[in-house]
Structures are given as structure tokens and as C-alpha cells.
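Here, each number is a calculation from the coordinates, and none is a lab measurement. Just so it is clear, the model here is predicted, and its values are computed rather than measured. As a convention, Cβ positions derive from the backbone with ideal geometry for all residues, glycine included, and neighbour counts pool all protein chains shown.
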């Protein structure tokens, strides 16, 4: 099994639990404060990992393009996190709202991979996008 695949499974578990804990927190803390606490906690975890790498003499290579895209990604995560708290505080069900947000993101990534990154269009990718759209429709109707 490829190491990236194992990392993807662990990341999926982490993001899945992130959704559950966000749902549990929503309504018990304001949207902005909950999002702030979540993001600060994430930043501290990342900072600790960076310290580990520094002590292991790992160099941090970067380009300005990489920094700019990282900032844009961070802005998207910040907005998404505040909205996630709002969704759940406003009565969004984890079993519907969570998958709607995640499948919507999956569809954006699948289309972006094909359109902007010139990744191969395969029957399985097209089927995945179609089934993703169907799942959004089914969840919306639930």
C-alpha cells in the first residue's frame, strides 16, 4: 500500500472527526469564537510539527507563489470553518450538511483537477462526479 494512501486514510479519519466535533461544539460556542479556537488549535499542532522538523534539520523551501496560494487556502478554510459552525448552530444535520459540504468540495476538486491541472478524464472520474451530483441531490431531498 502506498504511503500517500495510508496518509489519506488517516486524514479522512481526522477530517471526519473534525466534522463530528464541530457539530458537538456548534451552539455551545459562538461561530466566530469556535472557529477561532479550532484554527488556533490547528495552528499550534502545525507549529509543534514544524519545531520537530527544525530540530531534525529540515529546511523549509518556499516560493512567493506557494506563500500566496497558502494564504488563499487559509482564507478559504477560515471562511469555511465559520460557516460550518453557523450551519450546525442553525440546525444543519451532521448526516446531511457534512456530506453536502464535503461532496461539494470533492466535485470542485475533481473538476479543477481535470480543467486546470489537465489531469486525465476517465470514465471512473466522470462517474464519480455524476454520482457526487446525485448524492447532493439525494441529500438535499432528505
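Being loosely packed, with under 11 Cβ neighbours inside 10 Å and over 20 Å from the mean Cα position of the chain (by Cα) is the filter here, so list the residues in the stretch 96-120 that pass it. Result: 115, 118, 120. Looking across the stretch 96-142, the residues that are assigned to a loop (DSSP other than H, G, I, E, B) and more than 21 Å from residue 19 (Cα to Cα) come down to 116, 117, 118, 119, 120, 121, 122. Going by the conditions given, is residue 52 surrounded by 15 or more Cβ atoms within 10 Å (Cβ to Cβ), more than 16 Å from the chain's Cα centre (by Cα) and either without any contact (Cβ under 8 Å) to a residue 12 or more places away in the chain or part of a helix (DSSP H, G or I) (or both)? The answer is no for residue 52.
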